[in-house]
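Each remark here refers to the structure printed beneath this line.
The values are calculated or read from the model by the stated rules, or taken from the named source; none is laboratory data. Since the model is a prediction, treat every value here as computed from it, not as a measurement. Cβ coordinates were reconstructed from backbone atoms using ideal geometry, including for glycine residues, and neighbour counts include every protein chain displayed.
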Amino acid sequence: MRPDFIPQDGCMMHMIGESIEELSKELAFFGEDHHLMEEALKDLLDSIEVLKTDDANPSVIQNLKKTNAVLEENLEKHLDEEEKYLFPHLGRHIGFESGPISVMMYEHGEIRRLYQEYQRRYLDIESAKGKKKFILSAESLYQVLMGHIYKEDHVLLPLADKVLTDQEKEEIYKKVSI
Ligand SMILES: [Fe+2]
Ligand SMILES: [Fe+2]
C-alpha cells in the first residue's frame, strides 16, 4: 500500500510552500539536481506534443536524445545519493517507517520502474504502435517525477534543513560533492 506523505496529525503541513532558494548550501545541491531534471522533463513534454501530431521526425528525435542524456546522467545518480546520504541522516530524526521517507522510497521505486519502461519503449519509437506506448510511458514518467521533485523541494528538503545538524549537513555535502 502506498504510504502517506503527511502523517495523520498533519504536523508537517506547515513546511509546505517553503522555497528551495532558502535552503542552506549543503542541501541546495539536491535542489539544483531537481532543477536540471525539471528542465529536461519540460523539454520531454514539448517533444511528446510534437510526437502526438507528427511522426518521429529527426528534430524531435534529436530533442529526445538531449532529454535522455540528461536523465541518463543524473536520475539514477540522484536517487542513489538521496538514499545513501540524505535519507539515513534524516530518518534518524523523523523515522523511516512512516511519513516522508517511506513515501520517497516508494516513489523512487516507481520512478525507476517507469524510467526503465520509458527507455525500453524509446527503442521502438519509429513504429506507430511503439510511438503510442512511448508517449504513455513518457507522460507517466513526467507526472511521477515532477510530483516527486515538488514534494522534495517544498517539504522534504526544508524539513531536512530544519532538523539536521550543521555537522550532518556537512557530512552529506562532502559525500555528494566528490
Ligand atoms: Fe527523491
Ligand atoms: Fe530528489
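Does Phe96 satisfy being within 16 Å of ligand 1 (Cβ to nearest atom) and part of a loop (DSSP other than H, G, I, E, B)? Yes; evaluated as a whole, the condition is true for this residue.
Of the candidates Leu90, Leu45, Leu79, Leu136, the single residue that is surrounded by 13 or more Cβ atoms within 10 Å (Cβ to Cβ), within 25 Å of Glu32 (Cβ to Cβ), more than 14 Å from ligand 1 (Cβ to nearest atom) and not small (Gly, Ala, Ser) is Leu45.
Okay, residues lined up against (1) more than 14 Å from ligand 2 (Cβ to nearest atom); (2) under 21 Å from Ser47 (Cβ atoms):
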{"site": "Glu81", "(1), (2)": "no, no"}
{"site": "Tyr85", "(1), (2)": "no, no"}
{"site": "His108", "(1), (2)": "no, no"}
{"site": "Ile125", "(1), (2)": "yes, yes"}
{"site": "Leu141", "(1), (2)": "yes, yes"}
{"site": "Ile149", "(1), (2)": "no, yes"}
{"site": "Val163", "(1), (2)": "yes, no"}
{"site": "Asp166", "(1), (2)": "yes, no"}
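For Glu107, the criteria (1) under 17 Å from Glu139 (Cα atoms); (2) touching a residue at least 60 places away in the same chain (Cβ under 8 Å) hold in every case but one, which is (2). Checked against (1) more than 15 Å from ligand 2 (Cβ to nearest atom); (2) farther than 16 Å from Glu32 by Cα; (3) in contact (Cβ under 8 Å) with a residue 60 or more places away in the chain; (4) not basic (Lys, Arg), Phe96 passes all but a single condition, namely (3). When region 19-65 is filtered for residues that are in contact with an Asp or Glu (Cβ under 7 Å, 6 or more places away or on another chain), touching a residue at least 24 places away in the same chain (Cβ under 8 Å) and away from ligand 2 (no atom under 16 Å from the Cβ), the ones remaining, listed by number, are Ser24, Ile48, Ala56. If you go through region 114-129 and keep only what is modelled with pLDDT of 95 or more and either within 14 Å of ligand 1 (Cβ to nearest atom) or in contact with an Asp or Glu (Cβ under 9 Å, 6 or more places away or on another chain) (or both), you end up with Leu114, Tyr115, Gln119.
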